[in-house]
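So the structure is just underneath, and the comments pick up after that.
The values are calculated or read from the model by the stated rules, or taken from the named source; none is laboratory data. Quantities reported herein were computed from a predicted structural model and do not represent experimental measurements. Reconstructed Cβ throughout: ideal geometry from the backbone, glycine too, with neighbour counts over all protein chains shown. To get the accessible areas, we keep the full protein, side chains included, count just its heavy atoms, and leave off ligands, DNA and RNA. Shrake-Rupley method; radii C 1.70, N 1.55, O 1.52, S 1.80 Å.
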Amino acid sequence: MKLSAFKFELSEDKIAKYPTENRDESKLMVLHRDTGEIEHKMFKDIVDYFDEGDVLVNNDTKVFPARLYGQKEKTGAKIEVFLLRELNPEMHLWDVLVDPARKIRVGNKLYFGEGELVAEVIDNTTSRGRTIRFLFDGTDEEFYKTIDTLGETPLPRTIPRETEPEDRERFQTIYAKNVGAVAAPVAGLHFTQQVMKRMEIKGVDIVPITLHIGLGTFRQVDVEDLTKHKMDSENYIITQPTADTVNRALDSKKRVCSVGTTSMRALESSVSAGGRLKANEAWTDKFIFPEYEFKICNALITNFHLPESTLLMQAAAFGGYEKIMNAYKVAQKEGYRFFSYGDAMLII
C-alpha cells in the first residue's frame with residue numbers, strides 16, 4: 001500500500017475547533033464492513049449496536065499538561081518545551097521537544113513560571129529533541145503538581161485555535177485514570193456516564209487497557225512505501241481480568257469492540273499463538289495498515305482522521321480501504337467534523 005492512496009482534500013473548516021456541547025451528541029456514522037452500508041446516527045445511539053456479552057475495550061490513559069512555556073537563563077528568550085516521556089523519575093529526567101530548537105543548547109538552564117520550575121538541558125536527541133533534567137527538591141507529588149499548574153493541555157497544533165482552559169476537561173475521557181499520555185484517545189471523548197450505564201444495563205462488559213499515547217501517533221508519514229514507515233514505541237498494559245473477559249467474548253462469538261485505534265494497537269500487539277489476548281506490559285511500535293488480519297477486534301469506534309495519517313490507515317485496514325475512503329467522502333458531504341474534537345464512526 002502506498003502513502004498517496006490515503007491522500008484526499010480536507011479543508012480547514014472541516015476540522016472541528018471545539019467539541020460538541022454534550023459529548024454523546026456528536027454525529028455517529030455506522031459502517032457495515034460486509035455490505036458497505038452507511039447509517040447516520042448520534043453517538044448516544046451506539047448502545048443499540050451492542051448486546052449482552054459483548055465487550056468494549058477502552059484506553060484509560062490520562063493526558064497530562066505536557067506543553068510548558070518558559071524562558072532561557074540570561075537572555076530571557078521565550079521557549080516552549082513539550083514533555084514527551086519521563087526517562088528517570090528519581091532524577092526528573094525527561095525526553096522533550098523544544099522550540100525554537102536552534103536557541104536551546106546543552107548546558108542551557110530553562111525557567112518556567114516565576115522560577116518555580118528550573119530545568120537543565122543535558123543532551124541533544126534529534127533536531128528538535130532534547131533530554132532535560134528538572135532541578136527540583138520537593139517530593140514527586142509536589143513535582144507533578146507543579147507540572148500540572150504550569151503546563152498547558154497539549155491540544156494538537158492541527159486544531160486551528162489556541163488552547164483554552166475548558167480544554168483541560170474536554171480533552172480527557174471521563175474514564176481517564178493512568179497519567180502518561182500527551183494526546184487523548186479521542187474515540188473515547190464521546191462517552192458519557194449515561195451511555196456507559198446504558199451499556200452496562202444491557203450486559204455489555206466494559207474493560208480497560210492502558211496505552212500512553214505519544215506524539216508519534218500524529219507524526220507525518222514521509223515515505224511512499226508504507227512498509228518502510230517506523231512507528232514510535234508506546235507503553236501499554238493489559239491486565240489478566242481484561243484478557244479473560246475479551247477471550248470469553250471471542251470464545252462465545254460475541255462482539256469485541258476497540259474504543260479507538262490506540263486500544264486496538266495494544267490488543268493486536270499481545271496475541272497468543274492460539275489467537276487469544278494475552279495479559280502483558282510492554283512497548284509496541286506496531287503499525288497497522290492494509291492488508292492486515294485482525295486477531296482480537298471485530299468492531300471499532302474511531303474518529304474521522306486527517307489525510308495520510310497512520311490513524312486513517314489503521315481504520316482502512318479494519319473497515320476495508322474502498323469502504324473507508326468512500327465513507328470519508330460521504331462524511332464530508334454530510335457535514336461530519338474531523339480530527340480530535342470531531343465526530344465518530346462505528347465500524348462493525
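What to note about this one:
- The relative contact order of the stretch 57-197, computed from alpha carbon pairs under 8 Å that lie at least 6 residues apart in sequence, is 30 percent.
- The lysines whose alpha-carbon is closer than 19 Å to the alpha-carbon of LYS253, local same-chain residues fewer than 8 away aside, are LYS202, LYS278, LYS295.
- Förster radius 30 Å - calculated FRET efficiency between LYS103 and THR149 (Cβ-Cβ, nearest 0.05): 0.75
- Lys-Lys pairs in the stretch 6-164 that are eight or more residues apart or on separate chains and whose Cα atoms lie under 26 Å of each other come to 23.
- Cβ-Cβ FRET estimate between GLU116 and SER252, R0 fixed at 41 Å, reported to 0.05: 0.15
- DSSP assigns beta bridges within the chain; of those with both partners inside it, close to 70 percent run antiparallel.
- Relative contact order (%) - criterion: Cα under 8 Å, at least six apart; region: the stretch 216-348: 26
- Near ALA77, the amide H atoms lying under 5 Å from its own belong to LYS72; only residues 5 or more places off or on other chains count, and H is placed 1.01 Å from N.
- Using all pairs of distinct alpha-carbon atoms, the Kirkwood hydrodynamic radius of the stretch 204-281 works out to 13.9 angstrom.
- Residues with amide H under 5 Å from that of LEU117, placed H, sequence gap 5 or more: PHE112
- CD proxy at 222 nm, helix term only [per DSSP H run n ≥ 4: -39500 (n - 2.57); per residue of the chain; nearest 500]: -5500 deg cm²/dmol
- Estimated at the nearest 10 Å², the accessible area of TYR175 is 40 Å² with a 1.4 Å probe.
- Cα centre as origin, Lys/Arg/Asp/Glu Cβ charges: the chain dipole, Debye: 620
- Toward the positive end of the charge dipole of the chain, with +1 on the Cβ of Lys and Arg and -1 on the Cβ of Asp and Glu, the farthest Cα among PHE338, ALA5, GLY115 is that of ALA5.
- In the context of the full set of protein chains, the chain has a per residue accessible area of 46 Å² (1.4 Å probe).
- The stretch 199-348 shape via C-alpha gyration tensor axes, a/c threshold 1.5: oblate
- Derived scalar couplings ³J(HN,Hα) [the stretch 36-46; Karplus, 6.51 cos²θ - 1.76 cosθ + 1.60; whole Hz; x for Gly, Pro]: x, 4, 10, 10, 10, 9, 9, 4, 4, 6, 4
- Span per principal axis, largest first, for the Cα atoms of the chain (Å): 64, 43, 41
- Computed P(r) (all Cα pairs; the stretch 1-122; 5 Å bins; percent): 2, 7, 11, 12, 11, 10, 11, 10, 11, 7, 6, 2, 0
- Dipole moment magnitude, nearest 20 debye, the stretch 200-348 about Cα centre, only Lys, Arg, Asp, Glu C-beta charged: 400
- Centroid-to-centroid separation of the stretch 17-61 and the stretch 70-127 [C-alpha atoms, Å]: 41
- Once C-alpha pairs closer than 8 Å and six or more residues apart are averaged by separation and normalised to the residue number of the stretch 1-116, the relative contact order reads 15 percent.
- Charge dipole (the chain, unit charges on Cβ, about Cα centre) - positive-most of ALA184, VAL81, VAL55: VAL81
- J(HN,Hα) series, the stretch 60-69, from Karplus relation 6.51 cos²θ - 1.76 cosθ + 1.60, nearest Hz, glycine and proline x: 8, 4, 10, 6, 10, x, 7, 9, 10, 10
- In the frame of its principal axes, the stretch 78-233 has Cα extents of 59, 46, 32 Å, reported largest first.
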